[in-house]
1. Under 10 Å, Cα contacts only: if you run a Gaussian network model on the chain, which one of Q77, Q66, Q173 comes out with the highest mean-square fluctuation?
2. Check each of the trypsin sites (Lys or Arg not before Pro) in the stretch 107-179 and keep only those in coil by DSSP with at most 13 other C-beta atoms within 10 angstrom; list them in order.
3. Given Cβ point charges of +1 (Lys, Arg) and -1 (Asp, Glu) and nothing else, what value in debye, to the nearest 20, does the dipole of the chain about its Cα centre take?
4. For the chain, list the DSSP H helices whose alpha carbon atoms reach 24 Å or more along the long axis and whose average Kyte-Doolittle value is -0.5 or above?
5. Tell me which trypsin sites (Lys or Arg not before Pro) from the stretch 37-106 have a DSSP coil assignment and no more than 15 other beta carbons within 10 Å of their own.
6. Lysines within cross-link reach of K60: Cα-Cα under 30 Å, excluding same-chain residues under 8 positions apart?
7. Where is the GNM fluctuation largest for the chain (alpha-carbon springs, 10 angstrom cutoff): M107, M146, M35?
8. With semi-axes √(5λ) of the Cα gyration tensor in Å in mind, check (1) 38, 24, 17; (2) 29, 18, 16; (3) 25, 20, 16 and report the label derived from this structure.
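What follows draws every value from the coordinates through simple rules; no lab data is involved. Computed from a predicted structure; not experimentally measured. So basically every Cβ, Gly included, is an ideal-geometry build from the backbone, and we count neighbours across all protein chains shown.
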Amino acid sequence: MTDSLSSVPLFPLNSIILPKGRIPLQLFEPRYIDMLTRCLKEQQGFVVVLLQDGDEVGRKALFHDQGTYVRIIDFQQLDNGLLGITVEGDTKVRVVRNWQQEDGLHMGDAEPLEPEQQVDIPDRHYELPAVLQALFRHPVVKDLGMDVDFEDAREVGWRLTELLPLDKSEKQQLAECQDPVERLDRLQALLDILEQGS
C-alpha cells in the first residue's frame with residue numbers, strides 16, 4: 001500500500017498491531033458490524049489505533065495518530081453469538097485528520113509511513129528470537145498462524161512489541177520507532193527490567 005487513505009474507518013483498541021501481525025477481534029456494536037460489511041464489500045481494510053483515553057466500546061475515545069492499516073483475513077460467527085474477525089497488519093500509517101460519524105464510527109484520512117529497512121538481528125540480541133519462539137508456543141498465539149522470519153530485526157521487534165506484557169505507552173513508542181535495531185535495543189532493556197521484577 002503506497003497511496004494515502006481517505007475516509008478510512010478507524011478502530012481504537014487497547015492493543016497494538018504492526019505489519020504482518022494478527023489479532024482476533026469480536027464485533028457486536030452496530031457501528032463496527034456496518035464497518036465490517038462495508039470493508040468486505042469494498043475489499044478494503046481499516047486502521048487500528050491505540051487508545052489513549054476512553055474505552056473500546058464507548059463513543060468517546062482519544063487515540064494515538066499513528067496506527068496500522070489492517071486487512072480482514074478471516075471472519076466467523078462465534079459460540080457466544082458475536083461476530084469474530086481476524087485482521088492482519090499491512091502498513092504503518094499516520095492519521096492526519098479524523099472525525100466521528102453520527103453512528104459513532106471514527107473515520108480518518110491516513111498517510112502510509114516509510115517502510116522500515118530489513119536488517120538482520122545484531123549478535124548482541126541473540127536472545128530475543130528465542131524469547132519470541134517461546135511466546136509463539138502459547139496456544140492463543142499459535143492459533144493465529146503467523147509466519148515469522150526469526151532473523152529479521154523488524155519482524156522479531158514487531159511481534160515482541162505486540163506480545164510482551166508491556167505498558168501501553170511503551171508499546172506505542174516501540175510501534176512508532178522506525179529503526180528496527182533501536183526497537184530491539186529498547187525491547188532488550190525492557191525485558192531486563194521485567195526479568196529483574198520477576
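1. Checking each option, the largest mean-square fluctuation is seen for Q77.
2. Details: sites: R124, R137, K142, R154, R159, K168, K171; in loops: R137.
Listed in order of number, the matching sites are R137.
3. About 480 debye.
4. 180-197
5. Details: sites: R38, K41, R59, K60, R71, K92, R94, R97; in loops: R59, K60.
Passing both the DSSP loop test and the Cβ count: R59, K60.
6. Answer for K60, where 30 Å is the Cα cut-off: K20, K41, K92, K168, K171, listed by chain and number.
7. Maximum fluctuation in the GNM of the chain, among the listed residues, is at M146.
8. (2)
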